[in-house]
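The values are calculated or read from the model by the stated rules, or taken from the named source; none is laboratory data. None of these values were measured; they are calculated from a predicted model. A quick note on method: Cβ atoms are made from the backbone with ideal geometry, for glycine too, and the neighbour counts reach across all protein chains shown. We work out accessible area using only protein heavy atoms, side chains counted, and drop any ligands, DNA or RNA first. Shrake-Rupley method; radii C 1.70, N 1.55, O 1.52, S 1.80 Å.
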Amino acid sequence: MSDMLSQQDPAIAELIEREEARQRGEVNLIASENIVSRAVLAAQGSVLTNKYAEGYPGARYYGGCEVVDEVEEIARERAKELFGAEHANVQSHSGTSANLAAYAALLKPGDKVLAMDLAHGGHLSHGSKVSLTGKIYDFRHYQVSEKDERIDLDQVREIALEFRPKLIVAGASAYSREIDFPGFAAIAKEVKARFMVDMAHIAGLVAAGEHSNPVPHADIVTSTTHKTLRGPRSGLILCKEKRKKKVDSAVFPGGQGGPLMHQVAARAVCFGEAKTDAFKKYAHEIKVNAARLGDMLVDGGLRLVSGGTDNHLVLVDLRPLGLQGDVAEHALGRAGIVVNMNMIPFDPNPPRQPSGLRIGTPTVTSRGMGSTEIERIGNWIVEVLKNVTNEDRIAQIRGEVREMSESFPAVI
Ligand code: DSN
C-alpha cells in the first residue's frame, strides 16, 4: 500500500490492506478468479488511466493518442499471436460486454441463437431471461446429457436442425470437460449458422495448449482476460479479418465509449506473460491440481458431475453428504476456504440452495501450491463438509488454512 494513499485516504487504504490480508490468508478456489502479476498491477495503476482514446489506433476522436496507439497495437498483436487469430479487439470492458458486441456484429434483434443452458453450466450472457442478451435475441438452450453429464453433440444437432438458429454458441462457466469445437463447427455449418465460442474460463489453458483452440473453428471467439489467462479484469474478441469492421464498430461506438487504456496496457502485459514457459507450466499444473483435488473429494464421499475434470474446475454434487450448496459454501468460508455454490445439471434444488459447489484451482496454482497443499486442501474440505455444525473444528481448520496460505505469495 502506498504511503500516499494511506495519508490521503486512510479508510480506503485500510480496506485495501484488509483485502490483501484476506487474499493472503485464505485458500481461494473460485474457478473464475486468479491473482495477477506485479507487472499487470503496475500497468493498471498507471497514468494511462488519464487518457481518452475513443476510436482505434490511427483513427481516434481525441488528440494526444500517439502513445496509447502504440500500447493498443502491442496488445492487439500479442493477442493475435497468442491465439493464432487474424484480428483482435482489446477494448471490451468485460466478458459480457464482449459477448454483447459479438452478438451485435453477427445478429439482428430477434434472431435465433442456440447456446448452453445456464443451469447446465452456461453463462448469463448466453441468453438468460434476466440478461439483456435474452431480451434482445431469441435464445434456445442445449443441456448436458442425463447419461454422462457431458455436452451431447447429437442433442445439439437435433435442436439446431429443428430450431434453425442464426448463431450457435459454445462455452461455459461451470463445465469441467473439454469442449469439442470442430464438432460444434460442423453442426453450425450443416444448419448454416454462425459459430461463436466464449472461452472466458479456459483462455489460459488454450493459450498454453492445455485445451484445444477454438479460433480456427469459430466465426468469433470472445473471452475475459482475468480467469485462467491471469490478466486484468477485461474482455477480448478474436475474429477473422473479414469481420474486423463489424466487430470493432460493435464495441465502439456500438456498445462502449472510451476504452480503458490502463486496462488495455495490462492486457498487453498479460498476453506477453502468457507466451512464457513459466505460464505453460502453470497452466498444466492447474489441470493436475484440479484432477487431484477432484480425486480427493471423491475419496471423501462426494460425487463429481461427469465423473471428473479435463480443465481447471470440478463441479461437486453435495447430495451424497446430504448438504446444500449454500450451507457448504458458508461452512467452508468460515474455515477460510472460498468457493461458490452452484447448480448441478438437473438440479432438484433452487439456485439459492443448489446441490453443488464449483471448485477451481487457478489461484492456488498461481500462488505456487502443488500436490502437498492440494492434499491438505482436499482433506480440509471433506472434513468441514462432514462437520458443518462443528464450529470448534472449523475454527481449528481456519487456523491451519491461514498458516499454510500465508506461507505462499498473494501477489506474483
Ligand atoms: N462470473 C463469472 C464466473 O464466475 O464464471 C463469469 O462471468
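See the values below:
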| quantity | calculated |
| --- | --- |
| Residues of region 178-197 classified as open to solvent by 20 Å² or more (accessible area, probe 1.4 Å) and in contact with a helix residue (DSSP H, G or I) (Cβ under 6 Å, 6 or more places away or on another chain), total | 1 |
| Positions within region 315-353 being within 14 Å of the ligand (Cβ to nearest atom), of a type outside the set (A, V, I, L, M, F, W, C) and farther than 12 Å from L385 by Cβ, in sequence order | N340, N342, P351 |
| Those residues of region 178-210 which are of a type outside the set (A, V, I, L, M, F, W, C) and within 16 Å of the ligand (Cβ to nearest atom), in sequence order | D198, H201, G204 |
| Selection status of G122, assigned to a loop (DSSP other than H, G, I, E, B), at positive phi and modelled with pLDDT of 95 or more | no |
| Residue list for region 178-209, filter: of a type in the set (G, A, S) and not in a loop (DSSP other than H, G, I, E, B) | G183, A185, A186, A188, A203, G204, A207 |
| Subset of region 39-61 that is more than 12 Å from E72 (Cα to Cα) and among the hydroxyl-bearing types (S, T, Y) - its residue that is most open to solvent (accessible area, probe 1.4 Å) | Y61 |
| Single residue of region 228-247 satisfying the filter (β-branched (V, I, T) and not in a helix (DSSP H, G or I)) that is nearest to the ligand (Cβ to nearest atom) | T228 |
| Evaluation of V113 against (1) at positive phi; (2) in contact with a Phe, Trp or Tyr (Cβ under 6 Å, 6 or more places away or on another chain) (one fails), failing number | (1) |
| Answer from E81, E66, E33, E73 - the residue that is within 30 Å of E329 (Cα to Cα) and open to solvent by 30 Å² or more (accessible area, probe 1.4 Å) | E33 |
| All positions within region 290-321 that are basic (K, R) and in contact with a Lys or Arg (Cβ under 9 Å, 6 or more places away or on another chain) | R303, R319 |
| Residue match in region 26-45 (condition: in contact with a Gly (Cβ under 7 Å, 6 or more places away or on another chain) and closer than 20 Å to Q256 by Cβ) | no |
| Among residues of region 95-123, those that are in contact with a Lys or Arg (Cβ under 7 Å, 6 or more places away or on another chain) and under 28 Å from G360 (Cα atoms), counted | 1 |
| Residue in region 104-135 that is farthest from the ligand (Cβ to nearest atom), counting only those that are among the small types (G, A, S) and surrounded by fewer than 22 Cβ atoms within 10 Å (Cβ to Cβ) | G110 |
| Close pairs from region 1-26: first touching a residue at least 60 places away in the same chain (Cβ under 8 Å), partner among the basic types (K, R) and part of a helix (DSSP H, G or I), Cβ under 7 Å, at least 6 apart | G25/R402 |
| Residue identified as crowded, with 19+ Cβ neighbours inside 10 Å, more than 21 Å from the chain's Cα centre (by Cα) and of a type in the set (D, E, K, R) among R230, R243, R267 | R243 |
| Top-ranked residue in region 212-227 [being in a loop (DSSP other than H, G, I, E, B) and away from the ligand (no atom under 16 Å from the Cβ); ranked as surrounded by the fewest Cβ atoms within 10 Å (Cβ to Cβ)] | P216 |
| Residue that is at negative phi and under 20 Å from the mean Cα position of the chain (by Cα), where the choices are P351, P320 | P351 |
| Pairs with Cβ under 7 Å, 6+ apart, first in region 115-127 and of a type in the set (D, E, K, R), second crowded, with 22+ Cβ neighbours inside 10 Å | D117/Y142 |
| Hits in region 158-177 - residues which are open to solvent by 30 Å² or more (accessible area, probe 1.4 Å), within 21 Å of D148 (Cβ to Cβ) and either touching a residue at least 40 places away in the same chain (Cβ under 8 Å) or within 14 Å of the ligand (Cβ to nearest atom) (or both) | I159 |
| Test: G235 is out of contact with any strand residue (DSSP E or B) (no Cβ under 7 Å at 6 or more places or on another chain) and not hydroxyl-bearing (S, T, Y) | no |
